[in-house]
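The values are calculated or read from the model by the stated rules, or taken from the named source; none is laboratory data. Everything numeric in this text was worked out from a predicted model, so none of it was measured. So basically every Cβ, Gly included, is an ideal-geometry build from the backbone, and we count neighbours across all protein chains shown.
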Amino acid sequence: MMNEQDKKTYSNFEYDSALNVQEGVKQPEQISNFYLENMRIKKRSEPSVEEMVDGILHGDRVMLSRAITLVESSRFDHRTKAQQVIEQCLPHSGKSVRLGITGVPGAGKSTTIEALGKMLTALNHKVAVLAIDPSSERSKGSILGDKTRMEELSTDPNAFIRPSPSAGSLGGVARKTREIIILCEAAGFDTVIVETVGVGQSEVAAHSMVDFFLLLQLANTGDELQGIKRGIMEMADMIAINKSDIDIDKSKLAAQQFRNALHLFPMPDSQWTVPVVLCSAYSKMGLQEIWNTVLEYVAFTKQNGYFYHKRQEQNLRILDETIENTLKERFYNQPGMEERIEQIRKEILENKVSAYSAAEKLVNSCDQ
């Protein structure tokens, strides 16, 4: 044990030791007061509905992007404002060719869109690309990397690329894509290309918002029976065998197999005979033929009236889907509904009630 004299000596030694850390120079603030007082960046004010609509009609891409962000927002106040913007843009829409492109993963959808888009902008067309990116079921996030894939088109002054998360929507198509199409058309884009996540029966959602539906296929994906089993073929207005320059003989064989499969389908309501062509986005082979076919289809269906009938049917479909979505949102947003659903779930897990009767009970509680 140290006595008082030893403690005093040790204390002085500790204070005078070179190992002791002395108080340093006071560090400056991370952000200077001058910046905080004089150079603070003011938050961007939200444009009014009139300012946003005026910007869109004059081709302001920044205002168009902000309007699309507003449409995609789930906030109630944003939704109300977005609907006002859409209503005012609606009379200026409907003059574009709406082209949907789908295909299996790896079929070359993004590469084809970029090559086709560059060809169209060279012909003085204004092209808007709505690339739907799949959302993760776990994290709910999306990469939104289609602009990276379309390097040349993304810098083209006559092109506008907007990646959007699918957010679990049917067919991998964002729920607000139809409204975004209206905004793009009002901004002066005469060609709107919608890229979907992939093929499947649910791709009917994409088919219900475009004029022409292009299905990209690859060689060596199966025989005629495989083609028949894919319901997506019934909705295709054209089938293109992509990457045909890799093996032209196998691509020709695949094209013939798809033609044979198409002969077994009934004639579509449009009375259009679905062509099967060879193409390659990498070598630009067949792109002009694809675009000529799109224009031929539009002219053909406008002449027999199917073009306008289809757009009317699409508007009615929007009505039905909006009613369903609105009822669903109102159901879950009712006061106390979250607690009731949690209680019902416990009863289902304990086998006290069936899921069917529980659902009916919850729905009936809304009428009380």
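The set of residues from the range 261-295 being surrounded by 14 or more Cβ atoms within 10 Å (Cβ to Cβ) and assigned to a helix (DSSP H, G or I) comprises A261, L262, L287, E289, I290, W291, T293, V294. Of all the listed residues (I113, I143, I161), the sole one being touching an Asp or Glu at 6+ places or on another chain (Cβ under 7 Å), modelled with pLDDT under 90 and of a type in the set (A, V, I, L, M) is I143.
Of all residues in the range 228-252, those satisfying the criterion of being over 18 Å from V104 (Cβ atoms) and in a helix (DSSP H, G or I) are I248, D249, K252.
With respect to being assigned to a helix (DSSP H, G or I), without any contact (Cβ under 8 Å) to a residue 60 or more places away in the chain, surrounded by 10 or more Cβ atoms within 10 Å (Cβ to Cβ) and of a type in the set (K, R), R311 falls outside the description. Pairs, please: C-beta under 8 Å, at least 6 apart or cross-chain, first residue within 20 Å of S208 (Cα to Cα) and in the range 289-308, second of a type in the set (K, R)? Close Cβ pairs (under 8 Å, with a partner that is of a type in the set (K, R)) amount to T301/K310; Y308/K302. For N351, all conditions in the list (1) at positive phi; (2) in the same structural domain as H207 (by TED's automatic domain parsing) hold save one; what is the number of the exception? The failed condition is (2). Any residue that is within 26 Å of the chain's Cα centre (by Cα), on the phi < 0 side of the Ramachandran plot, of a type in the set (G, A, S) and assigned by TED's automatic domain parsing to the domain that holds H125 - is there at least one of those in the range 279-291? Yes.
In this structure, does F258 turn out to be of a type in the set (F, W, Y), modelled with pLDDT under 90 and surrounded by fewer than 14 Cβ atoms within 10 Å (Cβ to Cβ)? No.
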